[in-house]
Amino acid sequence: MFSRRGFLGSAAFAGASAISGRAQAASIPEAAHMDKVTMQPPLQPASGPDYRPVVTLNGWSLPFRMNGDWKEFHLVAEPVVREFAEGMKVNLWGYNGQSPGPTIEAVEGDKVRVFVTNKLPEYTTVHWHGMIIPSGMDGVGGLTQPHIQPGKTFVYEFEMKKSGTFMYHPHSDEMVQMAMGMMGMVVVHPRDPGFRAVDRDFVFVMSTYRVDPGTYLPKVNEMTDFNMWAWNARVFPGIDPLPVRLGDKVRVRIGNLSMTNHPIHLHGHAFAVTCTDGGWIPESAQYPETTTDVPVGAVRVFDVLADNPGDWAFHCHKSHHTMNAMGHDMRNLIGVSRKDLAKAVGKLAPDAMVMGEKGMAMGTMEMPAPDNTLPMMTGDGQFGPIEMGGMFTVMKIREGLARDDYRDPGPYQFPKGTVAYEIDAPAAEPAKAPMKKMKM
Amino acid sequence: MSDKMVHTLTRCLLVLAALGLSGCAAFSPDAGMTAVSELTAQAIKKDVAFVRSAEGAETVNDNVRRLLARTLSADAAVQIALLNNKGLQAAYNELALAETDLVADSLPPNPVFSVSRIAGNGASEIERQVVGDILALATLPFRSDIARDRFRQAQLRAALATLRLAADVRRSYFRAVGANEMVVLLTDAKSTAESTAQLAVKLGETGSINKLDQAREQVFYAETTADLATARQAATSARERLARLMGLWDGGLDFRLANQLPALPRRPLSLPSIEVDAVAHRIDLQIARLELTALAKAQNLTEATRFVTLLDLAGIDRRTRDPDSTPFRERGFDVQFQIPIFDGGEVRVRQSVETYNLAFNRLTERAVNVRSEARDAYRVYRSTWDIASHYQREILPLRKIITEEMQLRFSSMQVDIFALLTEARQRLASLRGAIDAKQKFWLAQSELQTAVNGGGSPAATADNATTTAAAAPAGGH
């Protein structure tokens, strides 16, 4: 599924192009644009203080320019078409060509100026979630600033007072705009590059959508009954794997702008939550976990030592969140014979496929589906169908990867004798405990 | 009056009688059927037969058997009825009877011969009379002309009966075939409903659905079963009616009907001159026109004879024998006529004038109605074509899309199997609507023929409204 693609260093920002026709070159920096949905290599800082950049899952970091003391970024809020996975495109709103928008990276103490141009059909603002900034820069339309009308450009200026992981999203018709995918992450690196340094640093934001089968636009009024569970507006098998060199210290930064919490689980390792959008957690307060719940409107960052090679599932533990679009009003057909079911379905819908009488596992069946609808669960591994969708991917821990190599290393070569196996055993009658007659 | 005069008178009677005879009709070899078959052949392109002999009956039987050997088309059904319906044969018998009236009315009045003998006291008197109705003889050409018109009317009536039967057969045929199509559809639907109802029972057993939902999923089966029974009964009745019209019984009853109504014509007929055609062709209108002609002639006759209604001329030959004298013979004539002194013939004239006016108004009314009926029949024909083709071109293709999309949604586990059932119910309602619409078109097409040719019946047909499935939202999200 995943090809080794898009990570050639010289190709960095090959897809980024200027849309500066409207920009006043003297005062407004170019707005970089992204047309790829795969994970882009880390954006190494060419100016300003040095830092070790993050990698955005299926995303990118926004280039900046130094203007005197100021680090200048340009966000363009605009309608975008986001591919959730191969075979499904959704009309969203985002920033600079993609939803979610690019990650904004800065360094503790930076003076940051963010130009925000509104190309949406309605007004917007940008709120800097979790960041300690002057009230007038907080981006709450009506409360702290006028809304940015379509066609207008506003400037936010603030100092990055503390390092950590934050988010940005509109605070202007936010119910609609967040349901349409307007969000992104902000990573502020410590001024001291040695402070809690890691080898690999991943970041993504979680969001959910209700995209009815055969449609292309999310239902913005949906409150609970979502059917697309996305990391960086991608769903499995559209989510890139997390390639990790064996022995690397790995940091994963997760924002949650969906409407429910997500217990995020990594196999094969114990990790510690080291940071929230509130700040760094003192090491004395950290405790080991394999699952961390990311609440709504919050950021959780965990650090893990990748000391166990292999292909490790990394996913939300709400099992329906590892499914793509499925009907929620379905009867349970377990226990009805396939023959009975096939008879009824054959009469009702001669071209339809019968599933669900043993469970919902479909194995290798190719499901016919309405236009622009992903199979409910899908993805293949080296041993067969993975049958997952939504918030699922794989952390691939391998020996010998290069330091900044984020290419998919392919399926894990299991050492001989380390894979669960079948033994040739007669089907034994399960032992039954003798029943004692109960006295009533 | 001298002998000579009497002779002259008698000769006159004979001459008049001869004149009258010249206008008189003889029985035709075909009992007037040729005209009927020409009229019907022109209107509906079918043969008719007036069975009056064993060989004729045999030919008819052969033809009917041949037509019955195949699945019946509407045309074949009409042809069988025209050959085999005994009611129609009875109508032809009436035509033959009308011919007897024509012949009777075109013969001169029979002269009356009387002989009276009075005897007594040795004397006797013998009187012989020949009495002829001179007026009747004089008006014979007129009356025979009127009688011919009446006979022509009878022929038209026979043709009308033929067309009416043909129209009845077509209507019944399309009802029967439409009912068959409905039965086929509902049989299929019942089988679908049955397997889903069984599935609902199974799901009840596994604990997947409760009693309420089981009942909801099973009610379609129950309703479809009832609908199918109703449709079967309607099909049987329609078939019986068709059998009656085709005059079939016993061995002929196993005729085969199509299971589907014919497809709609690609384009409806465009009949811009339908009113004119109808006024020109309608047989009932022709009958009314002839009635008016006959009445006009009758009125002229009445006018001509208003002052004399009876003119009898009698030639008298009396022989008297008396023992006291030599017998002698007397000859003379007697003329009797009735003069309507008190009413001056006014009553009869008024009667005939009003009868004529009445017929004139009836004819005009009928012509107005025929024009309106023709317009209406064409509009109904057009709109039923539009509706039926709307079903074929819009509704059914949309239903097909819905079905396919629902199948995709079911296959990709977006909707429950019973959402397919809900969709199937709605599809069934559309298919039933389509059959109804197609049947209405074919009925309207039959009515269009009768609107131009005659033979239609204005009997309103009860619309059997389609059960529209409750607009339950199709499942899915």
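The values are calculated or read from the model by the stated rules, or taken from the named source; none is laboratory data. A quick note: this is a predicted structure, and the numbers were derived from the prediction, not measured. In this analysis, Cβ positions are derived from the backbone assuming ideal geometry, glycine residues included, and neighbour counts consider all displayed protein chains. With ligands, DNA and RNA removed, areas are computed over all heavy atoms of the protein, side chains included. Shrake-Rupley method; radii C 1.70, N 1.55, O 1.52, S 1.80 Å.
Values as computed for the structure displayed
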read-out: Spin-label pair A:Asp192/B:Asp277, simplified geometry with 7 Å Cα→Cβ offset, distance in nm; value: 10.3 nm
read-out: Whole-Å distance, taken between Cα centres, linking region B:313-338 and region B:54-97; value: 63 Å
read-out: A:Asn227 long-range amide H proximity, modeled H, under 5 Å; value: A:Tyr209, A:Arg210, A:Val211
read-out: Sum of side-chain charges, B:Asp334 neighbourhood, beta-carbon under 15 Å (Lys, Arg +1; Asp, Glu -1); value: -2
read-out: Point-charge dipole on Cβ atoms (K/R +1, D/E -1) for chain B, about Cα centre, debye to 20; value: 820 debye
read-out: B:Thr236-A:Ala425 FRET efficiency (beta carbon distance; Förster radius 51 Å; 0.05 resolution); value: 0.20
read-out: Shielding score for A:207-214, defined as the mean number of other chain Cβ atoms within 10 Å; value: 3
read-out: Most mobile listed residue (A:Phe64, A:Phe166, A:Phe195) in chain A, GNM with C-alpha springs under 10 Å; value: A:Phe195
read-out: Ranked order, A:Phe383, B:Phe328, A:Phe204, B:Phe142 - accessible area, probe 1.4 Å, largest first; value: A:Phe383, B:Phe142, B:Phe328, A:Phe204
read-out: Cβ-derived FRET efficiency at R0 51 Å, B:Ser28 paired with B:Asp386, nearest 0.05; value: 0.60
read-out: Gyration tensor verdict on chain B (Cα atoms; rounded if a/c is under 1.5, prolate if a/b is larger than b/c, oblate otherwise); value: prolate
read-out: Size of chain A as Cα extents on the principal axes (Å, biggest first); value: 83, 55, 49
read-out: Other protein chain Cβ atoms within 10 Å, averaged over every residue that makes up A:339-347; value: 6
read-out: Electrostatic dipole magnitude of region B:123-258 [Cβ: Lys, Arg +1; Asp, Glu -1; Cα centre; debye, to 20]; value: 360 debye
read-out: Kirkwood Rh, Cα atoms: Rg over Rh of region A:231-320; value: 0.95
read-out: Over 24 Å (Cα to Cα) - which of A:Lys343/B:Lys438; A:Lys119/A:Lys162; B:Lys190/B:Lys438 fall in this group; value: A:Lys343/B:Lys438; A:Lys119/A:Lys162
read-out: In Hz, Karplus ³J(HN,Hα) per residue of region B:264-275 (6.51, -1.76, 1.60; θ = phi - 60°; x = Gly, Pro); value: 5, x, 4, 10, x, 5, 10, 10, x, 9, 5, 5
read-out: Neighbourhood charge, 15 Å Cβ-Cβ cut-off, centred on A:Phe392 and excluding it, Lys, Arg +1 and Asp, Glu -1; value: -1
read-out: Separation of the A:Asp404 and B:Leu358 label points, Cα + 7 Å toward Cβ, nm; value: 11.5 nm
read-out: Zone residues, region A:208-228, relative to A:Lys89, backbone N less than 16 Å from point 7 Å out along Cα-to-Cβ; value: A:214-218
read-out: Tilt relative to chain A, helix A:338-348 - C-alpha long axis, 0 to 90 degrees, to 10; value: 60 degrees
read-out: Chain A - percent relative contact order, Cα under 8 Å, separation 6 or more; value: 14 percent
read-out: Gained length - A:Asn308 relative to A:Glu30, 0.36 nm times residue gap less alpha-carbon distance; value: 95.8 nm
read-out: Euclidean distance of C-alpha centroids, region A:178-256 and region A:34-55, integer Å; value: 16 Å
read-out: Angle in degrees between helix B:86-105 and the longest Cα principal axis of chain B, rounded to the nearest 10; value: 20 degrees
read-out: J(HN,Hα) series, region B:137-147, from Karplus relation 6.51 cos²θ - 1.76 cosθ + 1.60, nearest Hz, glycine and proline x; value: 5, 5, 8, 3, x, 4, 5, 5, 4, 4, 4
read-out: Ellipsoid semi-axes in whole angstrom, largest first, where each is sqrt(5λ) of the Cα gyration tensor of the protein assembly as shown; value: 107, 34, 20
read-out: Gaussian network model of chain A, springs between alpha carbon atoms under 10 Å - residue of A:Pro45, A:Pro282, A:Pro375 with greatest fluctuation; value: A:Pro282
read-out: Long-range amide H partners of A:Asp110 with built H, under 5 Å; value: A:Met160
read-out: Karplus 3J(HN,Hα) series, Hz, for region B:151-162 with 6.51 cos²θ - 1.76 cosθ + 1.60 (x for Gly, Pro); value: 5, 4, 4, 5, 5, 5, 5, 5, 5, 4, 4, 5
read-out: Computed label-point distance, nm, for sites A:Phe414 and A:Lys111 using a 7 Å Cα→Cβ extension; value: 5.9 nm
read-out: Size of charge dipole - the protein assembly as shown - debye, nearest 20, with Cβ of Lys, Arg +1 and Asp, Glu -1, no other charges; value: 1160 debye
read-out: Normalised contact order of region A:18-189, rounded percent, pairs of Cα under 8 Å and 6 or more residues apart; value: 20 percent
read-out: Computed helical MRE - 222 nm, the protein assembly as shown, DSSP H runs ≥ 4 contributing -39500 (n - 2.57), nearest 500; value: -12500 deg cm²/dmol
read-out: Under 5 Å, built H, 5+ apart or other chain: amide partners of A:Val294; value: A:His262, A:Ile264
read-out: FRET efficiency, B:Asn121 to B:Phe333 (Cβ-Cβ, R0 25 Å, nearest 0.05); value: 0.30
read-out: GNM result for chain A, Cα springs below 10 Å: residue of A:Ala230, A:Ala344, A:Ala402 fluctuating most strongly; value: A:Ala344
read-out: Length-normalised contact order of chain B in % [C-alpha pairs under 8 Å, at least 6 apart]; value: 20 percent
read-out: Chains B and A together, accessible area buried on both sides, 1.4 angstrom probe, square angstrom; value: 3000 Å²
